[in-house]
Each structure stands twice: as C-alpha cells, then as structure tokens.
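Here's the structure, in structure tokens; my notes come after.
The values are calculated or read from the model by the stated rules, or taken from the named source; none is laboratory data. This is a predicted model, so every value here is computed, not measured. A quick note on method: Cβ atoms are made from the backbone with ideal geometry, for glycine too, and the neighbour counts reach across all protein chains shown.
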Amino acid sequence: MMGISLQRSWIILSGCAVLMLPILIFTEPLLVSIGQDPMISAVAGTISLWYIPVMFANVFSFTLQMYLQAQSKNMVIAYLAFVTLGLHVFLSWLFTVRLHLGLAGVMTSMVIAMWIPVFGQLIFVFFGGCPLTWTGFSFTALTDLVPILKLSLSSGVMLCLELWYSTRLVLLTGYMKNAEVALDALSICLNINVGR
C-alpha cells in the first residue's frame, strides 16, 4: 500500500508542478508589471527558469525521502546526501571558478545536485531495496486520489503561508531606493534567521 501511496503522491505533486509552470516561465514580466526593478526582475526571471527542473526533482525527492524514512531506510538517504554534497561542491567550483559560467554554472550545479539523490533513491526502490512495499507501478494509484489531494492542499496552504512571509519582505524591499543593496542585506538577515 505504501508504494501505491507514493505513486499517488507523484501524480498529485506532478500535476501541481505543471500548474505552477506559467508562474515560473513568466516571472520576469510578472515582476515588472507589479513595479519591481527591471534588473532584479531579469535575474529573478532567469533563476525561475532554472528552477523548473529543481521543482520537478523536489516532487520525487521529498516523496521518496518520506517513503524511505517510513521504512527506516535512512542510511540510503544519508549516503546519497553525502555523495551529492561532495559532487555539488566540486561542480559549483568547476562551473563558477574554473569555467567562469556565473549564474548558469551555479544553477547547472544545483540542478544536477537535486537530481542525483532522486535517481539514487529511484534505483534503490525499483531494484529491490523495498521488496515489501514496492511491487511496481499499478493502475490502482489512479484511484482514490481525492484524499491525497485534500492532504496535499492543506499542507500546501500551510507552506504557502510560511513562505509568503519572507516573499512579502523581499517584494517590499524591492520597492526601496537602491533595491539591490537592500535585497542583499535582507538575504543575509533571512539566512542568519533560518540558520538559528
């Protein structure tokens, strides 16, 4: 049954990710239309386009992590995270310092680093790591989607309320004079606050 729930989660979350695509694709014009600084809007638009594969990686990553944690397979997640961290640091250095790719290099490194654990977890699950709960793909996953959808919506509302707080701060900071410096300062403050 856990394998069926995992597949249902993939269906619901993939659908939500597809619904969010227009926002990510049109981030720059949306920000400019509400009066944000065009230079900051352009960078945000570029980053949001790079975030599309990251968003789909999160669909699989978070659900697979919960699936594996429910079965006490935490070491698989830890090993993959350790390997990914090393590769991410190396790729970030390679793409930014050695190849001078700038933002494109940083985002490429991030996309690769987000998908490595997903592929590792999928291989583990599909090839016998969870024989009692994963029996393969099933059409049963396409039934009874409403309870999963309700749970996903309520969880999504909670996350949105949490994230909108910091997003509102960023938007308000974008209206200040010398917005780039103000956003840099806000970013530092938010990162210090999250690190506590």
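Regarding residue 135, is this residue out of contact with any Lys or Arg (no Cβ under 6 Å at 6 or more places or on another chain), in a helix (DSSP H, G or I) and in contact (Cβ under 8 Å) with a residue 24 or more places away in the chain? Steps first, answer last, please.
Values: out of contact with any Lys or Arg (no Cβ under 6 Å at 6 or more places or on another chain): yes; in a helix (DSSP H, G or I): no; in contact (Cβ under 8 Å) with a residue 24 or more places away in the chain: yes.
Spelling it out, it is not the case that residue 135 is out of contact with any Lys or Arg (no Cβ under 6 Å at 6 or more places or on another chain), in a helix (DSSP H, G or I) and in contact (Cβ under 8 Å) with a residue 24 or more places away in the chain.
The rows are residues; the columns are (1) assigned to a helix (DSSP H, G or I); (2) surrounded by fewer than 11 Cβ atoms within 10 Å (Cβ to Cβ); (3) on the phi > 0 side of the Ramachandran plot; (4) of a type in the set (S, T, N, Q).
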{"position": "152", "(1), (2), (3), (4)": "yes, no, no, yes"}
{"position": "155", "(1), (2), (3), (4)": "yes, yes, no, yes"}
{"position": "159", "(1), (2), (3), (4)": "yes, yes, no, no"}
{"position": "166", "(1), (2), (3), (4)": "yes, no, no, yes"}
{"position": "171", "(1), (2), (3), (4)": "yes, no, no, no"}
{"position": "177", "(1), (2), (3), (4)": "no, yes, no, no"}
{"position": "182", "(1), (2), (3), (4)": "yes, no, no, no"}
{"position": "186", "(1), (2), (3), (4)": "yes, no, no, no"}
- Message: Among the residues that make up the stretch 106-124, is at least one of them over 30 Å from residue 177 (Cβ atoms) and touching a Lys or Arg at 6+ places or on another chain (Cβ under 8 Å)?
- Response: yes
- Message: Any residue that is at pLDDT below 90 and more than 17 Å from the chain's Cα centre (by Cα) - is there at least one of those in the stretch 111-125?
- Response: no
- Query: Taking the stretch 88-102 on its own, how many of its residues are surrounded by 13 or more Cβ atoms within 10 Å (Cβ to Cβ) and under 21 Å from residue 49 (Cα atoms)?
  - Reply: 6
